[in-house]
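**Q** Attaching a single structure in structure tokens format; questions to follow.
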Number of protein chains: 2
Amino acid sequence: MTDKSRLLKALAREPVDTTPVWMMRQAGRYLPEYRALRERAGSFMALCQDPEAACEITLQPLARFDLDAAILFSDILTIPAAMGLGLHFVPGEGPHFDCPLRTPADIDGVRAPDIETELGYVAAAVELTKRELNGRAPLIGFAGSPWTLATYMVEGGPSKIYRHIKALAYDEPNALHRLLGLLADTTAAYLNAQIRAGADAVQIFDTWGGTLSTSAFEAFSLAYIRRIIQGLDPAPVIVFTKGGGGWLELLAASGAHALGLDQTVDIGHARQRVGDRVALQGNADPALLYARPDAIRREVRAIIRRYGEHPGHIFNLGHGVTPEVEPDRVAALVDAVHEYSAR
Amino acid sequence: MTDKSRLLKALAREPVDTTPVWMMRQAGRYLPEYRALRERAGSFMALCQDPEAACEITLQPLARFDLDAAILFSDILTIPAAMGLGLHFVPGEGPHFDCPLRTPADIDGVRAPDIETELGYVAAAVELTKRELNGRAPLIGFAGSPWTLATYMVEGGPSKIYRHIKALAYDEPNALHRLLGLLADTTAAYLNAQIRAGADAVQIFDTWGGTLSTSAFEAFSLAYIRRIIQGLDPAPVIVFTKGGGGWLELLAASGAHALGLDQTVDIGHARQRVGDRVALQGNADPALLYARPDAIRREVRAIIRRYGEHPGHIFNLGHGVTPEVEPDRVAALVDAVHEYSAR
């Protein structure tokens, strides 16, 4: 990065030579070099907490593909993990907390983690990765949205119906607001630590905001995303609410510099709706990576055409890369983005 | 029903004394009388295929709650089950097909079931239930959307990423269109059998349309919903695309008389978007039924106020009733709808 990278230009809605592309979960299980490293590690969280391993994994996809950004290998649950709720990962099921927060008293017993001592491994991984990247590409830091973190902490694990946290939202909204406020302030400090360590941009993953009613989304998710953004040091912020296509106007007013779109949204229509307020990131269906390369190229071209000539497009998937994707399909997508968007 | 019921009036966007209410999956596992019957039965599909059991289960919630409609106890997978793909239900996991359709050759080997001989039990259940209802409430028949059925038939079971059917959509669209066309024509005949047996309205459940990109939704889901509707005998049709809030304008032009809304949509905003073209059904968060009765009442009132004074509202959840809901919460919701919407 002798001059501003394509990603940072697109985030600032400045013209670029070709659309920048990166992918959520671009480092991970679909890459054999990741699986080899993972087998030698004790656990998934051990990899996240080891700055050298996190750095190595972050750089793996950049060695293979012509990506325009690195995203730190980490997990949205680092913050809850540091809060002493007994996080562990159940193979094939995902994260579980031994001590879920079910009552106002449970919530009042939660303490904020110390970012420097308890989560210092994340800033260390950012610093190391920035050094290793040596200007080849910008580095994106990230965190989960407060609502998304709270969902795991209250449900105790993955859920389809979110019965406990939604009952809490209806029956004990003040207690839930206290938890979300604590998570928002902690997350702002956590992202600031990443920005100070060298992260060029940060993304807030609002994975479960899209399960809420519009009014509950505004009260329990968007309000705390806004609170995080207001507390951040200067850096471009990308907000991705999965299933949030109905709320783009609200999200565009959150203070975010860019919005992530899932595949359900027509990206040309989204551009019309948000005007020039934000950059847009997305939005190929993650399942496109199971199609043949010629189909991948056709779909990439269709998305680029739909987006049109406006500045401010960052190509990405509508959600993360899924397991068992063949790496050559990722290469086909990345190369097609650069080819079809070249000015 | 000596005169037209509230449900049928609302579907025709005529004034009603109070907003009609029913709930997707209002008959089922959360009711102890259902669980008792289920324990005596051999399997879930055996219950669906036994007209007397289906009738009894259909009527169970009407004995408890002041509901404005019955919906036939059945399953969207009755059609694929009759196509010889080896359907069985894995406890805790859901439906599985022994012979999923993965290739164009697999698809070309599929035959349409005979509605009268192989699916006659559904019309028989409708007839029996209509007789037992004896005009107390209208009866809703239903079917899955072709895309939703195809998803199960191609994936072989529940999925989060839909890799096989989406790869087929990208790589072999003609084969997938043949399957969807067959399913649409079969479904139209199947719903007509329900209408002729006495169903007062029918609902098409497009459970997985909301996982598609906008263009893929139009091509692979909406086009076949429209084809079904064009093939139906006269009866009000409700179309429910879960996660389809971005496509209400498209859905309102499908020929449907009413659109089901999930909880992510603001129902007042939805009414503005679709104008007077269709009735709207929805849209409390299913998780509301885990809240306390006073919170249920507040939220019901908020949804009714948001909808406003226009005719054409049918109160429902944004998806089905979930297991472990306490029946008294369903009663609280039903009664609150009638109380707060009384003219």
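The values are calculated or read from the model by the stated rules, or taken from the named source; none is laboratory data. Treat the numbers as computed from the prediction; the structure is a model and nothing was measured. Don't worry about glycine lacking a Cβ; one is built from the backbone with ideal geometry, like all the others, and counts go over all protein chains shown.
**Q** Would you be able to tell me the number of residues in the stretch A:152-185 that are surrounded by fewer than 24 Cβ atoms within 10 Å (Cβ to Cβ) and among the β-branched types (Val, Ile, Thr)?
**A** Number of matching residues: 1.
**Q** Sticking with this one: Would you mention how many residues in the stretch A:297-332 are surrounded by 24 or more Cβ atoms within 10 Å (Cβ to Cβ) and among the aliphatic types (A, V, I, L, M)?
**A** Residues in the stretch A:297-332 being surrounded by 24 or more Cβ atoms within 10 Å (Cβ to Cβ) and among the aliphatic types (A, V, I, L, M): 4 in total.
**Q** Consider residue A:232 carefully, then state whether it is in contact with a Leu (Cβ under 7 Å, 6 or more places away or on another chain), over 15 Å from residue A:142 (Cα atoms) and either at pLDDT 95 or above or surrounded by fewer than 19 Cβ atoms within 10 Å (Cβ to Cβ) (or both).
**A** In short, no.
**Q** Same structure again: Which residue, of A:72, A:7, A:59, is closer than 27 Å to residue A:241 by Cβ, crowded, with 17+ Cβ neighbours inside 10 Å and in contact with an Asp or Glu (Cβ under 8 Å, 6 or more places away or on another chain)?
**A** It is A:7.
**Q** How about the stretch A:196-217: which of its residues are facing chain B (nearest Cβ under 10 Å) and assigned to a helix (DSSP H, G or I)?
**A** Hits for the stretch A:196-217 are A:209, A:210, A:211, A:214, A:215, A:216, A:217.
**Q** Just one of A:269, A:338, A:257 is surrounded by fewer than 23 Cβ atoms within 10 Å (Cβ to Cβ) and free of Cβ contacts under 8 Å to residues at least 40 places away in the same chain; which is it?
**A** A:269
**Q** Restricting attention to the stretch A:261-284, which residues are within 20 Å of residue A:26 (Cβ to Cβ) and either in contact with a His (Cβ under 9 Å, 6 or more places away or on another chain) or hydrophobic (A, V, I, L, M, F, W, C) (or both)?
**A** Scanning the stretch A:261-284 gives A:261, A:262, A:263, A:267, A:279, A:280, A:281, A:282, A:284.
**Q** How many of the residues in the stretch A:17-39 are of a type outside the set (S, T, N, Q) and surrounded by 20 or more Cβ atoms within 10 Å (Cβ to Cβ)?
**A** Final tally of qualifying residues: 9.
**Q** Another question about this same structure. Could you tell me whether the stretch B:25-37 includes any residue that is in contact with a helix residue (DSSP H, G or I) (Cβ under 8 Å, 6 or more places away or on another chain) and under 17 Å from residue B:126 (Cβ atoms)?
**A** yes
**Q** Please work out if residue B:158 is within 14 Å of chain A (Cβ to nearest Cβ), at pLDDT below 95 and over 25 Å from residue B:127 (Cβ atoms).
**A** Judged against the criteria, residue B:158 is a match.
**Q** Right, here's the next one. Looking at (1) modelled with pLDDT under 95; (2) among the small types (Gly, Ala, Ser); (3) outside any loop (DSSP other than H, G, I, E, B), which is the one condition that is false for residue A:63?
**A** Of (1) modelled with pLDDT under 95; (2) among the small types (Gly, Ala, Ser); (3) outside any loop (DSSP other than H, G, I, E, B), only one is false for residue A:63: (1).
**Q** Residue pairs, Cβ under 6 Å, 6 or more apart or interchain, first in the stretch A:37-59 and β-branched (Val, Ile, Thr), second part of a helix (DSSP H, G or I) and crowded, with 21+ Cβ neighbours inside 10 Å. List them.
**A** A:58/A:129
**Q** Out of all the residues in the stretch B:96-139, which are more than 21 Å from residue B:67 (Cβ to Cβ), in contact with a Leu (Cβ under 7 Å, 6 or more places away or on another chain) and β-branched (Val, Ile, Thr)?
**A** Residues satisfying the conditions are B:107, B:110.
**Q** Identify, from the list A:127, A:93, A:116, A:52, the residue that is charged (D, E, K, R) and surrounded by 16 or more Cβ atoms within 10 Å (Cβ to Cβ).
**A** A:127 is the lone residue from the list that is charged (D, E, K, R) and surrounded by 16 or more Cβ atoms within 10 Å (Cβ to Cβ).
**Q** Which residues, taken from the stretch B:161-195, are aromatic (Phe, Trp, Tyr) and more than 8 Å from chain A (Cβ to nearest Cβ)?
**A** Within the stretch B:161-195, just B:190 meets the criteria.
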